[in-house]
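Structure first, then comments.
Please treat every number below as a calculation from the coordinates, not as lab data. Since the structure is predicted, the reported quantities are computational estimates derived from the model, not experimental observations. We place every Cβ from the backbone using ideal geometry, glycine too, and count neighbours over all the protein chains shown.
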Amino acid sequence: MVEGQAEVQRCKADIDMHEDDHPMYPATVNDHKLHEFTEKVLKLLLGPEKVKPANKVMAGEDFAFYQQKIPGYYIGIGIRNEEIGSVRSVHSPYFFLDENVLPIGSATFAALAEMYLQEHQNQTKSGD
């Protein structure tokens, strides 16, 4: 496609993805068990009506490299607030953070960590 478009414009193009120098990013795929756990904790903490699946996106994410080594779960915390203008992506130069979400985000990660440790501590004691 690139070469064809270049020919239309009467120029030449070539593509070098540097795959030998820099491996491509793997897909970021959440672990199914961690998804079930996270969904359960968030519904308890925030209420089921506030826990919604995100749309899948085609994007590179460094976190995917961790997920190649251990099960992982990538989570986003919704921060959209049209009333104060918090409507842009974090990668936008117009990004504005609704700081009212910071305590919710902190509570979310604290609850996930605490409940994960509690569940796994009980599993270790019971021999599971």
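Table for the structure above
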item	result
Every residue from the stretch 65-78 that is in a loop (DSSP other than H, G, I, E, B) and within 18 Å of Thr38 (Cα to Cα)	Ile70, Pro71, Gly72, Tyr73, Tyr74, Ile75, Gly76, Ile77, Gly78
Matching residues, the stretch 72-105, being in contact with a helix residue (DSSP H, G or I) (Cβ under 6 Å, 6 or more places away or on another chain) and of a type outside the set (A, V, I, L, M)	Gly72, Tyr73, Tyr74
Hits in the stretch 27-74 - residues which are within 14 Å of Met115 (Cα to Cα) and of a type in the set (A, V, I, L, M, F, W, C)	Leu34, Phe37, Val41, Leu42, Leu44, Leu45
Within the stretch 26-64, tally of residues that are over 13 Å from Tyr74 (Cβ atoms) and either among the β-branched types (Val, Ile, Thr) or part of a loop (DSSP other than H, G, I, E, B) (or both)	6
Top-ranked residue of the stretch 64-95 - restricted to ones that are under 16 Å from Ala54 (Cα atoms), surrounded by 10 or more Cβ atoms within 10 Å (Cβ to Cβ) and among the hydrophobic types (A, V, I, L, M, F, W, C), ranked as nearest to the chain's Cα centre (by Cα)	Ile75
Pairs, first over 17 Å from Leu97 (Cβ atoms) in the stretch 69-85, second outside any loop (DSSP other than H, G, I, E, B) and among the hydroxyl-bearing types (Ser, Thr, Tyr), C-beta under 6 Å, six or more apart	Gly72/Tyr66; Tyr73/Thr38
Residue within the stretch 12-19 that is surrounded by 10 or more Cβ atoms within 10 Å (Cβ to Cβ) and within 21 Å of Ile104 (Cβ to Cβ) present	no
